[in-house]
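Asker: Following this message is one structure expressed as structure tokens.
The values are calculated or read from the model by the stated rules, or taken from the named source; none is laboratory data. Here the structure is a predicted model, which means the values were calculated and not measured. Cβ coordinates were reconstructed from backbone atoms using ideal geometry, including for glycine residues, and neighbour counts include every protein chain displayed. The accessibility values were calculated without ligands, DNA or RNA, using every heavy atom of the protein model including side chains. Shrake-Rupley method; radii C 1.70, N 1.55, O 1.52, S 1.80 Å.
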Amino acid sequence: MTGASQMKAAVVRRYGPPETISLRDVPIPSPATGEIRVRVYAATVNRTDTATLRGHPFFARAMTGILRPKMPTLGMDFAGVVDVLGDGVSGWRPGDRVFGLLPDQFGAHAEYFCIPADGAVSLIPAGLPFHEAVVGEGAWYANATTKRLRKDQSCLIFGASGAIGTAAVQLAKARGAEVTAVVGSRHLDLAKSIGADQVINYEEEDFVAVDKRFDLVFDAVGKTSWFACRPLIKTGATFAATDLGPYWSNILLGAWFKMTGSRRVGVPFPTDARGFLRDLADLMSKGSFCGVFDRSYALAEIVEAFRYVEKGQKTGIVVVKVR
Ligand SMILES: NC(=O)c1ccc[n+]([C@@H]2O[C@H](COP(=O)([O-])OP(=O)(O)OC[C@H]3O[C@@H](n4cnc5c(N)ncnc54)[C@H](OP(=O)(O)O)[C@@H]3O)[C@@H](O)[C@H]2O)c1
């Protein structure tokens, strides 16, 4: 902290590379009616942050600001302590240890932010350190795709080593599905350790040649396509992806198949972040879900953190230790 009324925040004034972020002293926000103020202990730099920093894809600027970013500070995942309650807030107490998501407003790359008391915030499971509670973003996206899996169904998760992929493996297993994970050499042990039943090394084998068909094929890293994975998909089953696909194929095929009703392809968009966080906290308390962490940076090193995450090579989650 810099003074009684000032805090450190990573400020973004225009779309661009990581160097456009600067660490500044800004006023500590005060909670409005119905809001809580959170003192941030940990945040992440994730692919939503890096895409929003660049303003890519362009259509997403309809939400984040056409010419300039509407939000002065990024950071979607947070873990911290409830600091001050706004008027009319019930259900929270100063000192509550909380984690959550800021999908619309961002702002966790700062020492404090305010959030609606009924927003995407939940209590951290007992005993979990702040820097292990920043697990929401990847899990929320993964849940959008895996939530319809049922016991005894099977899924193949391509790119099971990123934030979304590692979460998808665990959420699919928690629903009783059988999971085949496709990862590179350096992530084979990781994929087994988080519960994958079979692991394929994409650097040594053609994963499409596996003699099996699945109820769900999920491209969790945007590096394959429906066309490549077609032989793996059971009749009537789903191909889902985190990215638009080559020539926006995941969007165009999704729309076409919706009209013809012949197949299912899509880029599922997550909803109900608050409800999901409660389910996730429950899974973490039972030991059925845990974050996979790559490395951590101090808030002062935020530019470095963005540079690293932009490479698309991280393993799971990159943490920012704010306090
Ligand atoms: N537009 C948005 O707002 C948005 C938001 C969230 C996520 N996404 C998309 O979701 C995807 C996943 O995000 P994430 O945070 O989970 O990713 P991430 O953590 O950056 O995942 C990267 C992982 O994928 C692996 N990988 C790289 N190339 C691969 C390949 N050809 N085949 C299989 N694995 C490969 C990397 O390990 P190895 O290289 O060692 O295999 C690394 O562990 C990204 O493509 C991102 O664009 C988009």
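Asker: Eigenvalues of the Cα gyration tensor times 5, then square-rooted: what semi-axes does that give for the range 137-266, in whole angstrom, largest first? Let's see the in-between values first.
Answerer: On the way: eigenvalues 92, 48, 40 Å².
Semi-axis lengths for the range 137-266 are 21, 15, 14 Å.
Asker: Quick one: accessible area per residue over the chain, 1.4 Å probe, rounded to a whole number of Å²?
Answerer: Numbers: 14790 Å² over 323 residues.
For the chain, the solvent-accessible area averages 46 Å² per residue.
Asker: Something else now. Go ahead and run the numbers for FRET between Ala51 and Ala4, Cβ-Cβ distance against an R0 of 41 Å, rounding to 0.05. Present the calculation step by step, with values, prior to reporting the outcome.
Answerer: On the way: r = 36 Å, r/R0 = 0.87.
Result of the calculation: an efficiency of 0.70.
Asker: While we're here: Using r as the Cβ-Cβ distance of Met63 and Glu304, and R0 as 25 Å, what FRET efficiency do you calculate, to the nearest 0.05? Write out the running numbers ahead of the final one.
Answerer: Values: r = 27 Å, r/R0 = 1.08.
So, using R0 = 25 Å, E works out to roughly 0.40.
Asker: Summing Lys, Arg as +1 and Asp, Glu as -1, what charge do residues with Cβ under 12 Å from the Cβ of Phe130 carry, Phe130 excluded? Display every interim value, and only then the final one.
Answerer: Working: positive: Arg39, Arg97, Lys321, Arg323; negative: Asp77, Glu132.
Result for the neighbourhood of Phe130: +2.
Asker: For a paramagnetic label modelled at 7 Å from the Cα of Asp189 toward its Cβ, which residues of the range 292-307 fall within the zone defined by backbone nitrogen distances under 16 Å?
Answerer: 293-294
Asker: Still on this structure: Taking the Cα centre of the range 137-266 as origin, work out the dipole magnitude from +1 charges on Lys and Arg Cβ and -1 charges on Asp and Glu Cβ, in debye rounded to 20. Kindly include the intermediate steps, with their values, before the conclusion.
Answerer: Values: 16 positive and 13 negative charges, 133 e Å.
Computed about the Cα centre, the dipole is about 640 debye.
Asker: Now for a different question. log10 I(q)/I(0), Debye, Cα-only the range 68-111, no solvent, q = 0.22 Å⁻¹?
Answerer: Taking Cα atoms of the range 68-111 as identical point scatterers yields -0.84.
Asker: Which aspartates and glutamates does Lys147 reach when only Cα atoms under 16 Å apart count, and residues fewer than 8 places away in its own chain are ignored?
Answerer: Glu137, Glu178, Asp215, Asp219, Asp272, Asp279, Asp282
Asker: Using a probe of 1.4 angstrom, how much of the accessible area of the chain is carbon and sulfur, in percent? Write out the running numbers ahead of the final one.
Answerer: On the way: 7700 of 14790 Å².
Accessible surface attributable to carbon and sulfur in the chain totals 52 percent.
Asker: In the neighborhood of Trp256, defined by Cβ-to-Cβ distances under 15 Å, what is the net charge if each Lys or Arg adds +1 and each Asp or Glu adds -1? Please list the in-between numbers first.
Answerer: Working: positive: Arg230, Lys258, Arg263, Arg264; negative: none.
Around Trp256, the surrounding residues sum to +4.
Asker: Something else: For the pairs Lys192/Lys212; Lys192/Lys321; Lys8/Lys223; Lys8/Lys314; Lys70/Lys314; Lys8/Lys173, flag any whose C-alpha to C-alpha distance is greater than 30 Å.
Answerer: Lys8/Lys223; Lys8/Lys173
Asker: Identify, among Leu216, Gly65, His109, the residue whose Cα sits farthest towards the positive end of the charge dipole of the chain, taking +1 on the Cβ of Lys and Arg and -1 on the Cβ of Asp and Glu, with the dipole about the Cα centre.
Answerer: Gly65
Asker: To the nearest 20 debye, what charge dipole does the range 190-262 have about its Cα centre, counting +1 at the Cβ of each Lys and Arg and -1 at the Cβ of each Asp and Glu?
Answerer: Numbers: 7 positive and 9 negative charges, 74 e Å.
Its charge dipole is roughly 360 debye.
Asker: A further question follows. When all alpha-carbon pairs of the range 85-212 are counted, what percent fall beyond 20 Å?
Answerer: Working: 4479 of 8128 pairs.
Tail of P(r) above 20 Å: 55 percent of Cα pairs.
Asker: Under a GNM of the chain (C-alpha, springs under 10 Å), which listed residue has the highest mean-square fluctuation: Gly222, Gly138, Gly291?
Answerer: Looking only at Gly222, Gly138, Gly291, the largest GNM fluctuation is found for Gly222.
Asker: A follow-up question, please. How big, in percent, is the set of alpha carbon pairs in the chain lying more than 31 Å apart? Don't skip to the answer; put the middle values down first.
Answerer: Details: 16348 of 52003 pairs.
Above the 31 Å cut-off, the chain has 31 percent of its Cα pairs.
Asker: With charges only on Cβ, +1 for K and R and -1 for D and E, what is the dipole size of the chain about its Cα centre, in debye, rounded to 20? The partial results should precede the final answer.
Answerer: Numbers: 38 positive and 32 negative charges, 106 e Å.
The dipole of the chain has a size of about 520 debye.
Asker: At a Förster radius of 22 Å, what calculated FRET efficiency corresponds to the Cβ-Cβ distance of Thr20 and Arg323, to the nearest 0.05?
Answerer: Working: r = 24 Å, r/R0 = 1.10.
FRET efficiency, Thr20 to Arg323: 0.35.
Asker: With unit charges on the beta carbon (Lys/Arg positive, Asp/Glu negative), name the residue among Pro125, Ala167, Thr145 whose Cα is farthest towards the positive pole of the charge dipole of the chain.
Answerer: Checking the options against the dipole of the chain, the answer is Thr145.
Asker: Note down the nm distance, to one decimal, between modelled labels 7 Å out along Cα→Cβ at Thr235 and at Asp104.
Answerer: 4.4
Asker: Cβ under 12 Å from Leu216's Cβ, Leu216 left aside: what net charge do those residues give with Lys, Arg +1 and Asp, Glu -1?
Answerer: On the way: positive: Lys147, Arg148, Arg150, Arg175, Arg213, Lys234, Arg264; negative: Glu178, Asp215, Asp219.
Once positives and negatives cancel, what remains is +4.
Asker: Related question: Quick check: the angle from helix 163-174's long axis to the longest principal axis of the chain, C-alpha only, nearest 10 degrees?
Answerer: The helix 163-174 is inclined about 70 degrees to the chain.
Asker: Send over the per residue convex hull volume for the range 270-323, Cα only, as a whole number of Å³. Kindly include the intermediate steps, with their values, before the conclusion.
Answerer: Details: hull volume 6.5 nm³, N = 54.
Hull volume normalised by residue count: 121 Å³.
Asker: Between the range 188-265 and the range 279-323, what's the alpha-carbon centroid distance in Å?
Answerer: Between the Cα centres of the range 188-265 and the range 279-323 lies a distance of 25 Å.
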